[in-house]
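S.K.: One structure coming up, written as structure tokens, with questions to follow.
The values are calculated or read from the model by the stated rules, or taken from the named source; none is laboratory data. All of these numbers come straight from a predicted model, not from anything done at the bench. No Cβ is skipped: glycine too gets one built from the backbone with ideal geometry, and neighbour counts run over all protein chains shown.
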Amino acid sequence: MKQLVVLSGKGGTGKTCLTAAFAHLAATGPWAEQVVLADADVDAANLELMLRPRLLAAEEFQGGKVARIDPAACTACGICETVCRFEAIVAHDGRFAVDPIACEGCAACVHHCPEGAISMHPELAGHLYHSESRYGPLHHAGLLPGQENSGKLVALVRQRARGQALAERRELVLVDGPPGIGCPVISAVTGADLALVVAEPSVSGAHDLNRTLDTLAHFRVRALVAVNRADLRPAASDEIEARCRERGVATVGRVPFDLAVARAMVAGEPVTANEPEAAASRALREVWERVSAVLRGAA
Amino acid sequence: MIDETRCTRCGRCAEVCEYHALAVVGLRVLVFPALCHGCGSCLRVCPEGAISERQHGIGRLSTGVTAGGCRLSQGLMHVGEPMATPIVRALKRWPPAFAPAVPGIDCTLEIRDAPPGASCPVVETMRGADYLLLVTEPTPFGLHDLRQVVPIATELGIPAGVVINREGIGDAAVAAYCEEAGLPVLMRIPMERRFAEAIAAGRTLVEAAPEYGPAFRELLATIRATVAPAAPVALAAAGGGGR
Amino acid sequence: MKVAISTTGEGLESPFDSRFGRTAAFCLVDRASGEWTRHENPAQAAAGGAGVEAARFVVGLGAGAVISGAYGPHAFATLAAAGVEMYLAPADPDLTVAGALALLQEGSLRRAEAATHAGHHGSAS
């Protein structure tokens, strides 16, 4: 069983569109019936918008604990406010309350409250979903607005996808990863067999790409790079590919800027299914051929 | 840091740590800086006063002045660090970040560029702002992400308006949602290849299309009028991925 | 000596789980008598520091050795400090808890000499 994670240095590079196209190409090619999909970009869980899956099950996801002050026991001494380093204790008319968004869950206030008026409570942070898409089972999640802890949720989504792949002997787990380099990304890449980084030929593209590649190197995950919207700045695309060569990272192709991608998004279809002959679709098929060859080689 | 000569291995520090950044095993106390959120609980509960703190760098703040005379400050997280929120929080409080670009001239507008999505660092960026400008696109993705961020604006009690970018590529669902949610659509920017090329080349939209200058001035004037005329404005711009 | 073996299931015939910090459970087996007990891993859904919490948990169970598939830096440091032997078994979907134990008994499991991967939270140390 192989785990492929699709990543990007920042949002909006077309990562999810590419993942949806991969799901389509994998499930309609030699990996048919072998794919399990995971949307690990839980802050912007968009893969389902392109795959329109049928929901099979939903369950609540408890996030970190946050403090709660029992107003009946609180004597408004204000000690909690002085020990909190996250400005999560707010005073209102001489009463104190916890701002659950600012609370980091450290429980310092709990340990210091002389009245024992503060306790920790897990907060509903979001939901885990299990769905069936045209291209295979999909594990995804939704965070409630303003919730953190997406690293933990990412780990759970991946764990579910991996578990189903192992149980049903499916060969490929395709993960739509979160953008950036923070906790959710780390959670999405650790233990993956291969990462495909979607780069953009923008001014910050090379910089964003480098940070993502540093993260992958740090966690010893093999990386491949594809350049999306490459024709918007061919010289910058050349530079990205040259930088990759210097780092010993293989590049697997260029996808052109193509309005067919946006049309497919609105239609709720992968572009390779919606307009198979569009320039972007042709390029994506080539990219997928190269990525899947590497995946098989890594077997 | 643990002063081994004073530590009695009582284990109280590991008990109170919600992040498992400390472990007392046998005769040793292990400290894992990457897991520490810096809440200070361990040093306060240590009966021997054996724990002290040292700074653990997770990122870097920097500031400068753009060619146009604006102060530009940024926080950059070190690779492999998990938490961006403390960096956002520190940047908001860092005095040099808001020093006037031209001495003697008061800063009256602070624009924060928020991360995408609706997670903790986004909320931290938005907190304390006077107005939120939500940048989206007229697609199912844009609508999905907008629906995530609007409740936060409501909860924080900050007025918000929407900019629809890449107008023309999608459908009318975003505009319909804005109407239903009572969010003003302050600006629409059409999808044009020349814009995409300019942005990729690191130029601003107004540099690529000077005819948009007045529209942006008007946008700012509208926002200022909504907030409190003549007061300093902290504006946070948030959106989905790369809008 | 007691051995803690990471597992996704309920007992000796359940599948071996190659994760340590976020394994579903540990099967604690007495090598001499063969008696075993199952212990839910409290760290499975930890927000962070799962390796440390799981390591403290198995140390608390009195395990002298652990069989798992990988040890992050925090788990490794904690188990090493407690003098717990760490063995590596392959991430084979057909491997059961009893199978992993048999491999240990016949001496064909490798000892982990260092953390097998960087931590989930990316400690640079």
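S.K.: With (1) buried (at least 22 other Cβ atoms within 10 Å of the Cβ); (2) touching a strand residue (DSSP E or B) at 6+ places or on another chain (Cβ under 6 Å) as the list, and A:Lys65 as the residue in question, which single condition is left unmet?
M.R.: Failed condition: (1).
S.K.: Right, next: Mind checking which residues of segment B:189-203 are surrounded by fewer than 13 Cβ atoms within 10 Å (Cβ to Cβ) and not in a helix (DSSP H, G or I)? Steps first, answer last, please.
M.R.: The initial filter retains those residues of segment B:189-203 that are surrounded by fewer than 13 Cβ atoms within 10 Å (Cβ to Cβ), namely B:190, B:193-194.
Answer for segment B:189-203, where residues must be surrounded by fewer than 13 Cβ atoms within 10 Å (Cβ to Cβ) and not in a helix (DSSP H, G or I): just B:Pro190.
S.K.: Looking only at segment C:26-45, filter to residues that are outside any loop (DSSP other than H, G, I, E, B) and either within 14 Å of another protein chain (Cβ to nearest Cβ) or acidic (Asp, Glu) (or both); which one of those is farthest from A:Ala155 (Cα to Cα)?
M.R.: C:Asp30
S.K.: Which one of these is outside any loop (DSSP other than H, G, I, E, B), surrounded by fewer than 21 Cβ atoms within 10 Å (Cβ to Cβ) and within 10 Å of chain B (Cβ to nearest Cβ): A:Leu49, A:Leu56?
M.R.: A:Leu49
S.K.: Which of the residues belonging to segment A:217-237 are more than 12 Å from chain B (Cβ to nearest Cβ) and within 11 Å of A:Glu200 (Cα to Cα)?
M.R.: Across segment A:217-237, the qualifying residues are A:Val225, A:Ala226.
S.K.: Collect the residues in segment A:1-53 that are among the β-branched types (Val, Ile, Thr) and over 14 Å from A:Ser292 (Cβ atoms), keeping them in residue-number order.
M.R.: Selection gives A:Val5, A:Thr13, A:Thr16, A:Val36, A:Val42.
Table: residues versus (1) within 12 Å of another protein chain (Cβ to nearest Cβ); (2) surrounded by fewer than 24 Cβ atoms within 10 Å (Cβ to Cβ).
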site: A:Pro137; (1), (2): no, yes
site: A:Glu168; (1), (2): yes, yes
site: A:Val173; (1), (2): no, no
site: A:Ile181; (1), (2): yes, no
site: A:Ser187; (1), (2): yes, no
site: A:Leu194; (1), (2): no, yes
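S.K.: What are the pairs, 6+ residues apart or on separate chains, where a residue within segment B:99-117 that is under 16 Å from B:Gly68 (Cα atoms) has its Cβ under 7 Å from a residue that is of a type in the set (Val, Ile, Thr) and modelled with pLDDT of 80 or more?
M.R.: Final answer for the pair search is B:Ala101/B:Val65.
S.K.: Please go through segment B:1-17 and pick out each residue that is at pLDDT below 90 and touching a helix residue (DSSP H, G or I) at 6+ places or on another chain (Cβ under 9 Å).
M.R.: Result: B:Ile2, single match.
S.K.: In segment B:15-58, what residues are surrounded by fewer than 19 Cβ atoms within 10 Å (Cβ to Cβ) and at the interface with chain C (Cβ under 8 Å from one of its Cβ atoms)?
M.R.: Answer for segment B:15-58, where residues must be surrounded by fewer than 19 Cβ atoms within 10 Å (Cβ to Cβ) and at the interface with chain C (Cβ under 8 Å from one of its Cβ atoms): B:Gly26, B:Arg28, B:Pro33.
S.K.: Turning to a different aspect of this structure: Out of A:Arg229, A:Arg285, A:Arg263, report the one residue that is charged (D, E, K, R), buried (at least 21 other Cβ atoms within 10 Å of the Cβ) and within 18 Å of A:Ala21 (Cβ to Cβ). Break it down into steps so the answer makes sense when it comes.
M.R.: On the way: A:Arg285 fails: buried (at least 21 other Cβ atoms within 10 Å of the Cβ); A:Arg263 fails: buried (at least 21 other Cβ atoms within 10 Å of the Cβ).
One residue alone meets the criteria, A:Arg229.
S.K.: Let me ask something else about it. Given the conditions (1) more than 14 Å from chain B (Cβ to nearest Cβ); (2) part of a helix (DSSP H, G or I); (3) among the charged types (D, E, K, R), report the number of the one that A:Glu81 does not fulfil.
M.R.: Condition (1) is where A:Glu81 drops out.
S.K.: Out of all the residues in segment A:100-117, which are within 27 Å of the chain's Cα centre (by Cα), surrounded by fewer than 19 Cβ atoms within 10 Å (Cβ to Cβ) and among the charged types (D, E, K, R)?
M.R.: Passing the criteria: none in range.
S.K.: Now for a different question. Testing A:Ala88 on (1) more than 13 Å from every other protein chain (Cβ to nearest Cβ); (2) at pLDDT below 95, one condition comes back false. Which one is that?
M.R.: The single condition A:Ala88 does not satisfy is (1).
S.K.: Does any residue of segment A:216-238 turn out to be among the polar types (S, T, N, Q) and farther than 27 Å from A:Ala279 by Cα?
M.R.: Scanning segment A:216-238, I find no residue that is among the polar types (S, T, N, Q) and farther than 27 Å from A:Ala279 by Cα, so the answer is no.
S.K.: Going by what's in this entry, would A:Asp70 be described as more than 29 Å from the chain's Cα centre (by Cα) and at positive phi? It would help to see each step written out before you state the result.
M.R.: Values: more than 29 Å from the chain's Cα centre (by Cα): yes; at positive phi: no.
Criteria not met by A:Asp70.
S.K.: Determine which member of the set C:Gly48, C:Gly11, C:Gly62 is closer than 24 Å to B:Gly38 by Cα, touching a residue at least 60 places away in the same chain (Cβ under 8 Å) and in a loop (DSSP other than H, G, I, E, B).
M.R.: When all the criteria are applied, what remains is C:Gly48.
S.K.: I need every pair where a residue in segment C:101-125 that is closer than 12 Å to A:Thr190 by Cβ has its Cβ under 8 Å from the Cβ of a residue that is modelled with pLDDT of 75 or more and in a strand (DSSP E or B), sequence separation at least 6 or different chains.
M.R.: The qualifying pairs are C:Thr116/C:Leu88.
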